[in-house]
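Input: a single structure, listed below in structure tokens.
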Amino acid sequence: MPSAALHLGTALEGSFQGAGDMVPSARLLTPNGGAAAGPAPSRREETANGGGPDLATLRPTNRPRGKAQAGKPRKRAPMWNLQAAVFVSVVLNVGLLLQHYVNSTAPSHHHHQEHLQACPMHLDAGVGRNRRGRQEEPQLSMPKAGAPSTGKPAVTPDSVINLDHGDPTMFEEFWRGTGSAAEIVIPGWQTMSYFSDVGNVCWFLEPGLDHEVRRLHRLVGNAAVDGYHVLVGTGSTQLFMAALYALSPRAGSAAGAAPMSVVSTAPYYSSYPAVTDFLQSGLFRWAGDANTFKGDTYIELVCSPNNPDGAIREAVLSSESGIAVHDLAYYWPQYTAITKRADHDIMLFTVSKSTGHAGTRIGWALVKDRDVAKRMTKFIELNTIGVSKDSQLRAAKVLRAVSDAYELPEMKEAHRLFDYGRRKMVERWSMLREAAAASGIFSLPEETSGFCNFTKEMAVTNPAFAWLRCDREDVEDCASFLRGHKILTRSGSQFGADPRYVRVSMLDRDDAYDIFVKRLSSLQ
């Protein structure tokens, strides 16, 4: 029984040592910065290094002091009998739960890891008894930390296809093929301070990210960076909120002043009104379509290429007291021709749509005015006390990989992100237009094109979203109609437009997109 107990204890420890694991692409680090040569230490090894208790701690502590007499059995206090019974009870209960491990042929370590990743949740140690003999409830544990999330589940021909969100998983295939170019290992002691560069207006901006942002914009030619402050945010949404705060009248500067009006030309990004009015701020309020706005004091949000319809936009309002914020999240060569170097007062970007790393949650703003940059930084300081340094370092490495692929002669052409993205978007838009034509009840915006200063050739606009209209006379709500056919989209009504329109994400994985276009083409 002792050897069996040790075997089961070891198996149990091996099943739940995931708390210190990292994702497969990362390496475990030893305290001196080197790569670990083996698996995480067991509970017994931790004890040897001053960690948690091992079996020795279950021995009685009330032994008589003095030398044991040779040839005579050592007396044991009643407490030992109780502890031994508890220990045996726990081992037997664990053995029942893990019976299929013990009785089956010994699986390989690789097979064991696959089993853990396949089970989203499992029992920690079944129903056992604690040290006082009370029966315990089963404990649920989460998956191993070494098993990364994969986002939305895989789809089948009968699945509901969710294209409501712009989840850019289309780029996963590209990044899998880049090897270690965008991988990063962060030692445990690094990025612990709140501060990154105390001499910078944005004191929590990592210098490496600042450098790579400016480098990428100079490479692509889509935005001016000289004379601009780079600010980092938790996605461009936080920077959008920071801009509203910075551009609104200062609290107390004009007693009784009305909140600043925030407008955008319809169809506008559906999150603009939701984010603007979420906290019911007294500084600003959503005022709707810029085309119908009457007034001289406002913040105009200009999204170009526009979300949801992909149109190239300019500000439609003009006054001395009006201010424009340009959301350029989609102004990248995979989506549209780069026709000029944007040089607006405030420009917002994000890695979510430029490289596909939405989960990293990093956006950046290019801001001309120092005072505006300081107020935006103050908002982020009060809101989240800065931005994750770990995410910034990863974003910097990703942007560096993108630029290296174009600037370093030894890099492979297959590692050029914008080339890959443009090929995929051209292919997908061609498939969608064919499906809409085959159905006969849908229509799409007409293609536009322009000379791209980045590629040095004419380029057709291939937006990240399709602005799809249902032309069937008996369909007044296109989103509801498609939902009935297991296709989830976002209704035009959420963009200040006709509900006969829907926004469809063009950035999902191939399997989901292929099922979508096939299903769409069959609708009559």
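Between ARG370 and LEU279, take the C-beta separation as r, use R0 = 25 Å, and let me know the FRET efficiency to the nearest 0.05.
Efficiency at R0 = 25 Å is approximately 0.40.
For segment 276-321 and segment 384-407, what is the centre-to-centre distance using only Cα atoms, to the nearest Å?
What the calculation gives is 30 Å, centre to centre.
Under Stokes-Einstein, with the Kirkwood radius over Cα pairs standing in for Rh, what whole-number D in µm²/s applies to segment 191-407 at 20 °C and 1.002 mPa s?
121
For a label point 7 angstrom out from the Cα of THR237 toward its Cβ, which stretches of segment 148-191 have the backbone nitrogen within less than 13 Å?
Label zone hits: 165-167.
Could you check how much of the accessible area of segment 191-407 is carbon and sulfur, as a whole percent, using a 1.4 Å probe?
Its accessible area is 50 percent carbon and sulfur atoms.
Assuming R0 = 45 Å, can you tell me the calculated FRET efficiency for the pair ASP296 and LYS340, based on Cβ-Cβ distance, to the nearest 0.05?
0.95
Are there GluC sites (Glu not before Pro) in segment 442-524 that DSSP marks as loop and that have at most 16 other Cβ atoms within 10 Å, and which are they?
Those satisfying the criteria are GLU446, GLU447, GLU473, GLU476.
Rounded to the nearest 20 debye, what is the charge dipole size of segment 268-318 about its Cα centre when +1 sits on each Lys and Arg Cβ and -1 on each Asp and Glu Cβ?
The dipole magnitude comes to about 80 debye.
Calculated FRET efficiency, GLU457 and GLU434, Cβ-Cβ r, R0 35 Å, to nearest 0.05?
E between GLU457 and GLU434, to the nearest 0.05, is 0.90.
Which whole-number percent gives the relative contact order of segment 156-254, counting Cα pairs below 8 Å spaced six or more residues apart?
So the answer I get is 12 percent.
Keeping every protein chain present and rolling a 1.4 Å probe, give me the accessible area per residue for segment 270-429 in Å².
I get 42 Å² per residue for segment 270-429.
Apply the Karplus curve 6.51 cos²θ - 1.76 cosθ + 1.60, θ = phi - 60°, to the phi angles in segment 444-454 and return the couplings in whole Hz, x for Gly and Pro.
Karplus-based 3J(HN,Hα) across segment 444-454 equals 10, x, 5, 5, 10, 8, x, 7, 8, 5, 7 Hz.
Say the dipole of segment 256-356 comes from +1 at the beta carbon of Lys and Arg and -1 at that of Asp and Glu; which of TYR330, GLY356, ASN307 then lies farthest toward its positive end?
Ranked along the dipole, the leading option is GLY356.
PRE reach from ARG416 (point 7 Å along Cα→Cβ): which of segment 333-358 fall under 13 Å by backbone N?
So the set is 333-334.
Mind listing the long-range amide H neighbours of THR191? Cut-off is under 5 Å, sequence gap 5 or more, other chains count too, H placed in the peptide plane at 1.01 Å from N.
Answer set, sorted by chain and number: none.
Relative contact order for segment 191-407: what percent, with Cα pairs under 8 Å and sequence separation of 6 or more?
29
With +1 assigned to the C-beta of every Lys and Arg and -1 to the C-beta of every Asp and Glu, and no other charges, what is the dipole magnitude of segment 269-417 about the Cα centre in debye, to the nearest 20?
Once rounded to the nearest 20, the dipole reads 480 debye.
The values are calculated or read from the model by the stated rules, or taken from the named source; none is laboratory data. Since we're looking at a predicted model, the values are computed, not measured. Don't worry about glycine lacking a Cβ; one is built from the backbone with ideal geometry, like all the others, and counts go over all protein chains shown. To get the accessible areas, we keep the full protein, side chains included, count just its heavy atoms, and leave off ligands, DNA and RNA. Shrake-Rupley method; radii C 1.70, N 1.55, O 1.52, S 1.80 Å.
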